Structures are given as structure tokens and as C-alpha cells.
1. Considering each residue of the stretch 65-104, count those that are more than 24 Å from D133 (Cβ to Cβ), in contact with an Asp or Glu (Cβ under 9 Å, 6 or more places away or on another chain) and among the hydrophobic types (A, V, I, L, M, F, W, C), and give that number.
2. Could you list, in sequence order, all residues of the stretch 109-155 that are of a type in the set (G, A, S) and either crowded, with 18+ Cβ neighbours inside 10 Å or within 21 Å of D54 (Cα to Cα) (or both)?
Amino acid sequence: MRARSIFSLVLSAALSIIPASLWSHCEIPCGIYDDSMRYDMLNEDVVTIEKSMDMIVKLSTEGEKNYNQIVRWVNNKEEHADKFMDIVWQYFMTQRIKPVPPDSAQAYKEYVDQLTTLHEMLVYAMKCKQTVDTANTTRLKELVASSRQLYFKER
């Protein structure tokens with residue numbers, strides 16, 4: 001009986017720790033960051049969103065529509081827009097871009113420029129979810145490049 005209660009206690013403790021370790025990788029802070037890789041991931045998501053848009057348009061114009069495939073491409077577009085947005089706000093806005101006091105004019109301007117660009121990236125990712133207009137992915141590509149330049153200028 002005692003072994004069973006010890007096992008239950010250990011199992012309970014392990015289960016309470018696992019979810020925290022799975023979801024809080026970079027917020028603990030671990031110090032393991034690969035900012036360049038994150039920008040590569042953003043670019044990959046944008047290309048995937050754009051391909052999804054193209055496939056939705058192509059499949060929607062066919063005579064006999066394959067609704068299953070259209071839905072799959074819509075879901076793919078949504079998933080990658082969500083991944084994109086998560087990297088922007090969860091990784092860069094909350095962990096990597098540090099607040100700067102306004103009394104340091106140049107540093108504060110760079111900070112505001114970074115935040116403004118990241119916010120615009122979120123808006124265009126949202127527009128990608130709403131439409132199949134590839135003008136939105138074109139703008140996202142430009143914004144990712146601009147954000148990358150702003151971000152690495154400091155380093």
C-alpha cells in the first residue's frame with residue numbers, strides 16, 4: 001500500500017512538471033536562442049502561406065471542385081499564419097526585444113522601429129488568414145527582411 005502511494009505521489013509530481021517544461025522552453029530563460037533561425041522560420045511560413053493561397057485559388061477555379069483539398073490548404077494557410085504570429089509575438093516581442101527608456105533617443109527610436117515593424121507583421125499575417133491575396137505575403141516578406149535588418153543591426 002505504501003509503495004502505491006509513493007508511486008502516485010511521484011507520478012503526480014512528474015505530470016505536473018512535464019507540461020511546464022514542454023510549453024515554457026524560452027521563458028525560463030534558458031539562454032538558448034537562435035534568432036537567425038527564427039527569421040528563417042518566418043520566411044518559410046510566408047512561403048508556405050503563399051503556396052497555400054495559390055493552391056486554394058487554383059483548386060477553387062477548377063470545374064469539379066475538390067473541397068477536401070481546398071479545406072486542407074485553407075487549414076495549412078491558417079496553421080502557418082498562426083506559427084508566424086507566434087514567433088513574432090511570443091519569441092521576439094516578449095522575449096528578445098527589450099524595452100528601452102525614452103531618454104536614450106537613438107536606442108528608443110530603434111526600439112520603436114522594431115516594435116512597429118513586428119506589429120505590422122502581425123497585421124499582415126492576420127490579413128493572410130483572411131484572404132488569398134498574395135499582396136499580403138509580398139508585404140510580409142518585405143517586413144521580415146526589414147525586421148531582420150533592424151534586429152541584427154544592434155548585434
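A short reminder: the numbers here are calculations on the coordinates, not readings from a lab. Quantities reported herein were computed from a predicted structural model and do not represent experimental measurements. Note that we place each Cβ from the backbone using ideal geometry, even for glycine, and neighbour counts take in every protein chain shown.
1. Count: 2.
2. Hits for the stretch 109-155 are A125, A135, S147.
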